[in-house]
Amino acid sequence: SNDQAHITNNHIKLPLVGRVKMADRLRYRKKDLKILSYTISRTADKYYVSINFDIKDDLIKSYPTKLNMVGIDVGIKTFTVESNGTKTVSPKPLNKKLKKLKRIQRKMSRATKGSIRKKKNKKKLAELHSKIANIRKDFIHKLSRKIVNENAIICFETLDIPEMLKNHKLARNIDDAAWGMLFRFIEYKAKQTGSIVLKCDKWFPSSKTCSECMHVKEKLLLSEREFICEHC
């Protein structure tokens, strides 16, 4: 709680640990905040402090008014396709680091239980997993901020991701894409900027519907990335 720790702009004093220098400064001036609590967490070899605080509304960043609307379709080959034609490709950090990940896992499984080698490889594995997660999170943070800042109304599908992960051929690629993270980030950022988020039903035939005349194509193969509408 706030009576057990003390923070300045770039240092934090913790019970039993003492004074620790922080990598990042506070986002706001300390005199403008009412600090409620601190949470210390560890990921791989790094420690993080999360600060829970109250702040006056007039100090929160304001965002410009926008009038655009966008519909977002997510996929594996192309991470997002927006209704305005913008396509975004995912960095796919897990796929790119997969060989290195497997190599470290093999080394760790061969090492003797409790040995120094096993501990070293365990640390390397945790660091690599952390790096993969950070690359993915950084990419999705930047993309979601761009989408929210540019659009007043944002629409996307409500996908049943746990059910989709049961397909073992696509599970790793779906997990690496992290569509759920994108949707969560868009939703909370939209609340900050006053944008409206609309969710389409998962059974809505968005891929089969012509964007011009709204005619629905009855049969659409997965191999068909684009189709010419027979109706219009």
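The values are calculated or read from the model by the stated rules, or taken from the named source; none is laboratory data. Model, not experiment: these values are computed from the prediction. In this analysis, Cβ positions are derived from the backbone assuming ideal geometry, glycine residues included, and neighbour counts consider all displayed protein chains. With ligands, DNA and RNA removed, areas are computed over all heavy atoms of the protein, side chains included. Shrake-Rupley method; radii C 1.70, N 1.55, O 1.52, S 1.80 Å.
Which aspartates and glutamates have a Cα lying under 13 Å from the Cα of LYS122, excluding residues fewer than 8 positions away in the same chain?
ASP45
Note the full-extension length gain between ILE196 and LYS56 as 0.36 nm times their separation in residues minus their Cα-Cα distance, in nm to one decimal.
Answer, rounded to one decimal: 48.0 nm.
For the full complex of protein chains and a 1.4 angstrom probe, list TRP179, TRP203 by accessible area with the highest value first.
The residues order as TRP203, TRP179, largest area first.
Considering the chain, which cysteines have no disulfide-compatible partner, defined as another cysteine with its Cβ under 4.7 Å away?
Unpaired cysteines in the chain: CYS155, CYS200.
For the chain, with all protein chains present and a 1.4 Å probe, just round the carbon and sulfur fraction of the accessible area to a whole percent.
The C+S portion of the solvent-accessible surface of the chain is 53 percent.
Using a 7 Å offset from Cα along Cα-Cβ at GLN4, what residues in segment 54-86 end up with backbone N under 20 Å from the label point?
Once the point is set 7 Å along Cα→Cβ of GLN4, 54 turn out to lie under 20 Å by backbone N, inside segment 54-86.
Which of the chymotrypsin sites (Phe, Trp or Tyr not before Pro) found in segment 3-49 are loop residues per DSSP with 16 or fewer other Cβ atoms within 10 Å of their Cβ?
TYR28
May I have the extent of the alpha carbons of segment 1-138 along their three principal axes, as whole Å values ordered from largest to smallest?
Between the extreme Cα coordinates on each principal axis of segment 1-138 lie 57, 55, 18 Å.
Determine the calculated [θ] at 222 nm for the chain from helices alone, applying -39500 (n - 2.57) to every DSSP H run no shorter than 4 residues and normalising by the residue count; nearest 500 deg cm²/dmol.
So the helix-based figure for the chain works out to -11500 deg cm²/dmol.
What is the projected area of the convex hull of the Cα atoms of segment 146-207, averaged over all directions, in nm²?
4.8 nm²
From the C-alpha gyration tensor of the chain, pull out the three semi-axes of the equivalent ellipsoid (sqrt of 5λ each), sorted largest to smallest, in whole Å.
40, 30, 12
Could you report segment 1-82's accessible area per residue, 1.4 Å probe, as an integer in Å²?
77 Å²
Filter LYS87/LYS131; LYS100/LYS169; LYS30/LYS124; LYS131/LYS191 down to the pairs with a C-alpha to C-alpha distance above 31 Å, please.
LYS30/LYS124
Can you give me the relative contact order of segment 52-193 as a percent, contacts being Cα pairs under 8 Å and 6 or more apart?
The normalised contact order for segment 52-193 reaches 32 percent.
Suppose R0 equals 35 Å; then what is the FRET efficiency for LEU36 and THR158 from their Cβ-Cβ distance, rounded to the nearest 0.05?
The pair LEU36/THR158 has a calculated efficiency of 0.55.
Say we join alpha carbon atoms closer than 10 Å with springs in a Gaussian network model of the chain; which of SER90, SER41, SER130 then has the biggest fluctuation?
SER41
If you take every DSSP beta bridge whose two residues both sit in the chain, what share of them, in percent to the nearest 5, is antiparallel?
Given both bridge residues lie in the chain, the antiparallel proportion sits at roughly 70 percent.
Hey, for a label at THR65 modelled as a point 7 Å past Cα toward Cβ, could you say which residues of segment 178-207 have their backbone N under 16 Å away?
Under 16 Å, as judged by backbone N against the label point of THR65, lie 193-196 of segment 178-207.
Among the aspartates and glutamates, which fall within straight-line cross-link reach of LYS31, defined as a Cα-Cα distance under 13 Å, with same-chain neighbours fewer than 8 residues apart omitted?
Those aspartates and glutamates meeting the cut-off are ASP54.
Which net charge results for the neighbourhood of ALA178, defined as the other residues with beta-carbon distances under 9 angstrom from its beta-carbon, given Lys and Arg at +1 and Asp and Glu at -1?
So the surrounding residues net to 0.
Pick from LYS87, LYS97, LYS219: which is most flexible by mean-square fluctuation in a GNM of the chain where alpha carbon atoms under 10 Å apart are linked?
Its mean-square fluctuation being the largest, the pick is LYS219.
Round to a whole angstrom and tell me the spacing of the C-alpha centers of segment 128-202 and segment 37-72.
17 Å
List the lysines whose alpha-carbon lies under 18 Å from that of LYS189, not counting same-chain residues fewer than 8 positions away?
Once the sequence-local lysines are set aside, what remains near LYS189 is LYS61, LYS66, LYS137, LYS142, LYS146, LYS199.
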